[in-house]
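The values are calculated or read from the model by the stated rules, or taken from the named source; none is laboratory data. Because the structure is predicted, anything quoted here is derived from the model rather than measured. All Cβ positions, glycine included, derive from the backbone under ideal geometry; neighbour counts span all protein chains shown. Protein only, heavy atoms only, side chains kept; ligands, DNA and RNA dropped before computing areas. Shrake-Rupley method; radii C 1.70, N 1.55, O 1.52, S 1.80 Å.
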Amino acid sequence: MPTSSVDLLSAAYNDADRTIDLRRRLHRHPEIGLHLPRTQELVLDAFADLPIEVTTGKSTTSVVGVLRGARPGPTYLLRGDMDALPVHEDTGLPFASEVPGAMHACGHDTHVAMLLGAARLLAERRDELAGQVVFMVQPGEEGFHGARFMLEEGLLDAVPEAPVSGAFALHIISNLPSGSVNVRPGPMMAAADQWKMLVRGRGGHASMPHSAADPIPVAAEIVLALQSMVTRRVDVFDPAVVTVAHIEAGSTSNVIPDTAFLEGTIRTLSAERRADVLGAVRRVATHIGEAHGLTVDFDHVEGYPVTVNDVGAAATVLETAAELLGPPASLRMAAPLMGAEDFSYVLERVPGAMAFLGACPPGLEPETAPGNHSNLVVFDEEPLPAGVALYARMAMQALAG
Ligand SMILES: [Zn+2]
Ligand SMILES: [Zn+2]
């Protein structure tokens, strides 16, 4: 008899201790970036007694697991990221980070634990699967482009005869009601690009600005002009955020400095808007400089692209979550989050979806609970089995034959 949603969820709850134990072990020993040897070891250990072919990354400590179903069919990918943040944990939890200056403040420890819980449930139900499940356990989500390295190393061809044709990822969020699954079709998270500029003037005496070339008013004019640019040049239905987050110039009250430095971020929800706004920021800055006879060196670093959920995949997540957890737990988000995710690289290549699993701890309100990346963030562990079951169900549906 095929596993029903109820059976799958209760199997995940029966395994809750194992899931939570793995999560806590990961939580105590967070690692940052692309090289996470200790974390990788725990992941390999958890895979060890499962009928899953495991390979490890060449350029990073990524892990790819392949589970083959009883019958041939397509290949479906489930992603869990495993890196932590350079944050000093102040939660006081009994299993708090033992590494000063590092913390699983984005909950990626829970992602690994849920993904491995799902691997176990799926391995036990291999005969119900027509096709393969690829488990993508990635380092370096927090700004290190870990997913891109895995794609370059052939992630999508982990099963050569059946390249990955669908993908799903969960992200835990402390500011959403515990146990809720939140998703939307189309843009789910933003593209994030950084820019820097140096306004080059000519220093001098603060009493004689006409004989210097003061970069400070030019920098100030650029800051304001960028705000006008966003409101006048950007369609509100394809929005952009431009934030000047860092500005620095001068050293004392009677000296005009020769340069002013500015840096910030651009967030957008479409590739077209992204290119357009980047061009506009550069144009506004360099031309304001020119208008005043100064030059502006402009530089940018491309961050992650827009995370775009496939319309059908997002609908499947909503249906699956409603079936597993009840309709009130399945929530269609009205708007994307303007944060960024490198699962976007996977979703650029194959249709799929990323969903958010709410984990606001009991006694706190989602709106005011410390958020992801905070030194005080706590994730409720109660919904972890629900996440395990959702991961597993998404794969079972894709490989139902
Ligand atoms: Zn994060
Ligand atoms: Zn994250």
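List of remarks:
- Backbone amide hydrogens, once placed in the peptide plane, bring ASN309 within less than 5 Å of GLY186, MET188, excluding anything fewer than 5 places away on its chain.
- Applying a DSSP loop filter and a limit of 16 other Cβ atoms within 10 Å to the chymotrypsin sites (Phe, Trp or Tyr not before Pro) in the stretch 27-123 leaves PHE95.
- The charge dipole of the stretch 1-130, taken about the Cα centre with unit charges on the Cβ atoms of Lys, Arg (+1) and Asp, Glu (-1), comes to about 320 debye, rounded to the nearest 20.
- Rounded to 5, percent antiparallel among DSSP beta bridges of the chain: 65 percent
- Measuring between their Cα centroids, the stretch 369-401 and the stretch 3-21 lie 12 Å from each other.
- Local net charge near ALA213, Cβ-Cβ under 13 Å (Lys/Arg +1, Asp/Glu -1): -1
- Distance histogram for the stretch 170-276 (every C-alpha pair counted, 10 angstrom bins, percent rounded to whole numbers): 13, 30, 24, 18, 10, 5, 0
- Between the stretch 258-279 and the stretch 293-358, the alpha-carbon center distance in angstrom: 20 Å
- Residue of GLU367, GLU89, GLU53 that the Gaussian network model of the chain assigns the largest fluctuation, springs spanning Cα pairs under 10 Å: GLU367
- Derived scalar couplings ³J(HN,Hα) [the stretch 189-195; Karplus, 6.51 cos²θ - 1.76 cosθ + 1.60; whole Hz; x for Gly, Pro]: 9, 8, 7, 10, 10, 9, 9
- Springs join every pair of Cα atoms under 10 Å in this Gaussian network model of the chain, and among SER211, SER97, SER62 the largest mean-square fluctuation is at SER211.
- Acute angle (nearest 10 degrees) that the helix 384-398 long axis makes with the longest principal axis of the chain, alpha-carbon atoms: 80 degrees
- Cβ-placed point charges (K, R +1; D, E -1), dipole of the stretch 165-266 about Cα centre in debye, nearest 20: 120 debye
- When the chain is described by a simple charge dipole with +1 on each Lys and Arg Cβ and -1 on each Asp and Glu Cβ, the residue from HIS171, MET150, VAL301 located farthest towards its positive end is VAL301.
- Each other residue within a Cβ distance under 9 Å of LEU67 adds +1 if Lys or Arg and -1 if Asp or Glu, for a net charge of +1.
- Rg over Rh for the chain works out to 1.05, both radii taken from alpha-carbon positions and Rh defined as the Kirkwood radius.
- Selection from SER180, ALA271, MET82 lying farthest towards where the dipole of the chain points positive, charges on Cβ: ALA271
- Proximal charge balance of SER374 [Cβ under 13 Å; K/R count +1, D/E count -1]: -2
- Based on Cα contacts under 8 Å between residues 6+ apart, the chain shows a relative contact order of 25 percent.
- Residue of ALA11, ALA213, ALA105 that the Gaussian network model of the chain assigns the largest fluctuation, springs spanning Cα pairs under 10 Å: ALA213
- Cα centroid separation - the stretch 137-165 against the stretch 78-111, whole Å: 23 Å
- At 1.306 mPa s and 10 °C, Stokes D of the stretch 31-167 from Kirkwood alpha-carbon radius, µm² per second: 103 µm²/s
- Karplus-derived HN-Hα couplings along the stretch 58-73 (A = 6.51, B = -1.76, C = 1.60, θ = phi - 60°), whole Hz, x at Gly and Pro: 8, 9, 9, 8, 5, 10, 10, x, 10, 10, 9, x, 6, 10, x, x
- Accessible-area value, PHE144, 1.4 Å probe, nucleic acids and ligands omitted, Å²: 80 Å²
- 3J(HN,Hα) along the stretch 283-292: 5, 4, 5, 5, 6, 5, x, 4, 4, 9 Hz, from the Karplus curve 6.51 cos²θ - 1.76 cosθ + 1.60 with θ = phi - 60°, whole Hz, x for Gly and Pro.
- Cleavage-rule hits, GluC sites (Glu not before Pro), the stretch 102-200, DSSP coil, Cβ neighbours within 10 Å at most 11: GLU161
- Considering only ILE32, LEU9, LEU44, the residue lying farthest towards the positive end of the dipole of the stretch 1-68 is ILE32, judged by Cα position with unit charges set on Cβ.
- Scanning residues 5 or more positions from THR259 or on other chains, those with amide H under 5 Å from its amide H are GLY201, GLY250, with H placed 1.01 Å from N in the peptide plane.
- Remark on HIS29: its backbone amide H falls under 5 Å from those of GLU98, a criterion applied only to residues 5 or more positions apart or on other chains, H modelled at 1.01 Å from N.
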